[in-house]
1. Per-residue accessible area for SER96 at 1.4 Å probe radius, Å² rounded to 10?
2. Using a 7 Å offset from Cα along Cα-Cβ at THR17, what residues in region 412-438 end up with backbone N under 20 Å from the label point?
3. Project the alpha carbons of region 119-163 onto their principal axes and report the range along each, largest first, in whole Å.
4. Run down the aspartates and glutamates and flag those whose C-alpha is under 19 Å from the C-alpha of LYS207, throwing out any fewer than 8 positions away in its chain.
5. Computed FRET efficiency, Cβ-Cβ of LYS88 and LYS227, R0 41 Å: what is it to the nearest 0.05?
6. Quick check: the angle from helix 398-411's long axis to the longest principal axis of the chain, C-alpha only, nearest 10 degrees?
7. In degrees, nearest 10, range 0 to 90: what is the angle between the Cα axis of helix 324-333 and the longest Cα principal axis of the chain?
8. Which loop-located trypsin sites (Lys or Arg not before Pro) does region 230-323 contain, where loop means any DSSP state but H, G, I, E or B and the Cβ has at most 15 other Cβ atoms within 10 Å?
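The values are calculated or read from the model by the stated rules, or taken from the named source; none is laboratory data. Quick caveat: nothing in here was measured; it's all calculated off a predicted structure. When we count neighbours, we look across all protein chains shown, and the Cβ atoms used for this are built from the backbone with ideal geometry, even at glycine. Calculation scope for accessible area: heavy atoms of the full protein, side chains included, ligands and nucleic acids excluded. Shrake-Rupley method; radii C 1.70, N 1.55, O 1.52, S 1.80 Å.
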Amino acid sequence: MSNYLFFKKKIKPFNKTISISGDKSLSIRWVLFSSLANGVSTAKNLLLSEDVKAALKAIKGLGIKYKQQNGLYKIFGEGLNGYNTKKKITINAFNSGTLGRLIMGLLIDAEKEIKIIGDKSLSKRDFKRISDPLSKFGSSFNLKNKKNLPLIIRGSKILKPINYNETRGSAQCKSAVIFAGLKTNGITKIKAKKSRNHTELLCKHLKLPVKVTEKNNFDYIEVKKAKQIKPLNYNIPSDISSAAFFITLTVLSENSKLIIKNVNINPTRTGIIKILKMMGVKIIFKNVKNYKGEKIADIVVKSCKNLKAINCPSSLNSGAIDEFLLIFLIAARAKGVSYFKDLSELNQKESPRLDWGNKILNLMGVKTILKNNSIKIFGNPNLNVNKNIIIKDYLKDHRIFMSSVIASLTFGGNWKIYDPDSIKTSFPQFNKIIKSLN
């Protein structure tokens, strides 16, 4: 594949039904839970992205076997204490913050030093936010610059429960502590700002000793040591973060309609749906059902000509944290000035996404004001781009690439977008589905 792609035409109207790849968050969690289970776990529709492949390689390095046959994946779990950590091991998380951070919680009792490394982008991200609470269990961590990868974990056989106050709304921080708590005698207590709850839901489905009490702004979570984990057989639903690109494409295209089948609509992940509805977009959930604790539905969305500006409540941020680049594009077409605040977590992602979202809008000719982790976007319902735009040097952030493609297909202009292979991180099917629409 060449190092860039050209986009020179808007997409034509479409009326299609599509299916999206398996949910990345659930795919990685299936790998990790199954590696700790007693027995064989199976998965259908496992996302075959670089992040998930990295998770499979990680558990293989820890002595856990897996195999794939005719689209069915099997992991042969060896139990909660089944990892082989009797020798020094290096785990490469590549670009996956979910893998790199969550697996730290599973290694706090490792017998030998474990080294975690990552790619250039992941190595710039903050891992101190994970090592700080985990070190209180009794393990120790040595991080580059006291914050970054590579890091070395020195496990402990004498683990003590902790009290942890998670204030960022980070599901990765919360999940790492939950995993550690499942290996620790006593009760680990977590007060966590609202964020994705896939880990808690899987714990509930597996009947693990994790108790969640929901409050308005926080969840109170108590974790006890698990005796064992049952095998997890899972038909992984589609990823709403991936579906969001096609929802946005449909909203911003002319005379178009799209049905996206079997999508995970977990309420902690549907911030973009809530925000777009506030902006005048009509989105319908059909065939809603519950599956192993997760809510699933077919999503129906149509083009929207009269988009409204929004003063976005920051309470919706955590549920839309991966979709704000797309929400910014919607705001660029809305009538009036949209305001988004408290977005510091956006710059803690694979790239500084708040800065990049602002840059892309400016390249398109959209007026913005970026200040103190907030952004004002001056929308223009008649915005059409008629110039050359180059997107490059963005640390190969998959969401930057895909958001730029959506912008090019809906606003026009001549776009030269580098690093198309970045989609392998989370959504290898992206370009194929784009072509199938028109």
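1. 0 Å²
2. Under 20 Å, as judged by backbone N against the label point of THR17, lie 433-438 of region 412-438.
3. Extents along the principal axes, in whole Å: 34, 19, 15.
4. Result set, ordered by chain and number: GLU78, ASP219, GLU222, GLU294.
5. Efficiency for this residue pair is about 0.90.
6. Helix 398-411 sits at roughly 20 degrees to that axis.
7. Value to nearest ten degrees: 10.
8. Details: sites: LYS257, LYS261, ARG269, LYS274, LYS277, LYS282, LYS286, LYS289, LYS292, LYS295, LYS302, LYS305, LYS308; in loops: LYS282, LYS292, LYS305.
In loop regions of region 230-323 (DSSP not H, G, I, E or B), the sparsely surrounded trypsin sites (Lys or Arg not before Pro) are LYS282, LYS305.
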